[in-house]
Amino acid sequence: MSTTTARTPRAQDDGGRFTRWVPLPSEATLRRLAVASLLTQGGIIVTGGAVRLTDSGLGCPDWPHCTSGSIAATPEMGLHGAIEFGNRLLTFVLGLVAAAMLVAVVRTLSSDRARRDLLVPSVFLLCVIPAQAVIGGITVWTDLNPWVVMFHFLVSAVLVGVATVLVRRAARPARMAPARVGHPWLERLAVLVLAATAAVVYLGAVVTGSGPHAGDPEARRTGLDVAVVTQLHGDAVLLLVGLSIGLYFTARALGSPGRSAAAAAVLVAVEFAQGLIGVVQYRLELPELLVGLHMLGAAAMVFAAVDAWYATRWLPSVQPVR
């Protein structure tokens, strides 16, 4: 009598064969790489702000070379050149973290705990980073056109949001689909909060593009009235805070399913802190340090808004330590 050994289907044709030389990452490693992705995406917003606030936007007047004769900044270019070139080098750090994340995810596809839920955001992060570098080059070629600079920042804000989803998905146990929260109206309110956050971040970028911190003393501004766009930004902030408070109390009224109420509370706290910094910096005529903190706050607000939306969709899962 002949016998055959049943073969369990595995995802070895999903790309895992190209990463067999990589040790199978633990769930803890995947979580750490996801957090590293989030931190680096938020960090590049802060360092990009430092480039602008120190008037180093054209510290390297060419791209991809720093100058026509050198790929790196030279001592003759001084501090501005060093700051701008240093920010460019950080793009490679983002790329390495994103590549490590994607390789780790692809490696799991040929195992019994494939993490296909992490594949799309990992691919998105890695693919957009080179595109973001090109956008940075266009900002240099256009002598810091404020609308291009704004787009450069907004793409980074989107990447922070995608990295937030990656972090939350990585926190789930492998091969375990999370349960839905099951409150459609709560989720819809969170979507409104997410849309209002996008409007606030966009209008904040317009305010910055219309203000004094252009990245170079000779760079042009949008030409919009700073007082008017600041008022529009402030109105959008009030709408966002109102919606976020409504999200918190709605979650509480529904019994705070999962993390929904806690995530909404964090969002409201971030918004109040960000709003306080915004008011103070405006009253003090935009000192560089407070503007930099406000940019950090923008990244934190994107994280908190995406996290609050995510918390209204999925219940948390208990992740075993591995």
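The values are calculated or read from the model by the stated rules, or taken from the named source; none is laboratory data. Being a predicted model, the structure only gives us computed values, none of them experimental. With ideal geometry, Cβ positions are generated from the backbone for all residues, glycine too; neighbour counts draw on all protein chains shown. Side chains are part of the model used for accessible areas, which takes the heavy atoms of the whole protein and leaves out ligands, DNA and RNA. Shrake-Rupley method; radii C 1.70, N 1.55, O 1.52, S 1.80 Å.
Over the range 178-322, calculate the relative contact order: mean separation of alpha carbon pairs under 8 Å at least 6 apart, over the residue count, as a percent.
36
Under a point-charge model restricted to the Cβ atoms of Lys and Arg (+1) and Asp and Glu (-1), what is the dipole moment magnitude of the chain relative to its Cα centre, in debye to the nearest 20?
With only Lys, Arg, Asp and Glu charged at Cβ, the dipole is about 1940 debye.
Sort SER68, SER156 from largest to smallest accessible area, using a 1.4 Å probe on the heavy atoms of the protein chains.
On the way: SER68 115, SER156 15 Å².
I get SER68, SER156, largest accessible area first.
Roll a 1.4 Å probe over the protein chains and send me the accessible area per residue for the range 11-135 in Å².
Result: 46 Å² of accessible area for each residue.
First select every other residue whose beta carbon is under 15 angstrom from the beta carbon of PRO287; then total the charges, Lys and Arg +1, Asp and Glu -1.
Around PRO287, the surrounding residues sum to -1.
To the nearest 10 square angstrom, what accessible area does GLU285 show with a 1.4 Å probe?
Number for this one is 150 Å².
Taking only Cα atoms and a 10 Å spring cutoff, compute GNM fluctuations for the chain and point out the largest among ALA308, ALA198, ALA273.
Maximum among the listed residues: ALA273.
Would you mind telling me the share, in percent, of accessible area of the chain contributed by carbon and sulfur at probe 1.4 angstrom?
Carbon and sulfur: 68 percent of the exposed surface of the chain.
Looking at the P(r) of the chain, how many percent of alpha-carbon pairs lie beyond 37 Å?
Of all Cα-Cα pairs in the chain, 25 percent lie more than 37 Å apart.
All other residues with a Cβ under 12 Å from the Cβ of ARG52 taken together, and with Lys, Arg as +1 and Asp, Glu as -1, what is their net charge?
My count for the surroundings of ARG52 gives -4.
Quick one: accessible surface of SER26, probe radius 1.4 Å, all protein chains present, in square angstrom to the nearest 10.
Accessible surface of SER26 is approximately 30 Å².
Just to check, using Stokes-Einstein with a Kirkwood Rh over alpha carbon pairs, what's the diffusion coefficient of the range 17-80 at 37 °C and 0.692 mPa s in µm²/s?
218
Mind ranking VAL97, VAL140 by accessible surface for me, highest first, 1.4 Å probe?
VAL97, VAL140
Could you tell me how far the Cα centroid of the range 76-151 sits from the Cα centroid of the range 172-232, in Å?
Between the Cα centres of the range 172-232 and the range 76-151 lies a distance of 20 Å.
Roughly how many Å² is the accessible area per residue of the range 268-322, as a whole number, for a 1.4 Å probe?
53
Can you sort ILE71, ILE277 by 1.4 Å-probe accessible area, starting with the largest?
In descending accessible area the options line up as ILE71, ILE277.
Can you list residues whose amide H is under 5 Å from TRP314's amide H, if they're 5+ apart or on another chain and H is modeled 1.01 Å from N?
HN-HN under 5 Å from TRP314: VAL181.
Lys and Arg at +1, Asp and Glu at -1: add these up for the other residues within a Cβ distance under 11 Å of VAL266 and post the number. Could you put the intermediate results ahead of the total?
On the way: positive: ARG259; negative: GLU271, ASP307.
Every neighbour counted, the sum reads -1.
So how exposed is TYR202, as accessible area in Å² (1.4 Å probe, rounded to 10)?
100
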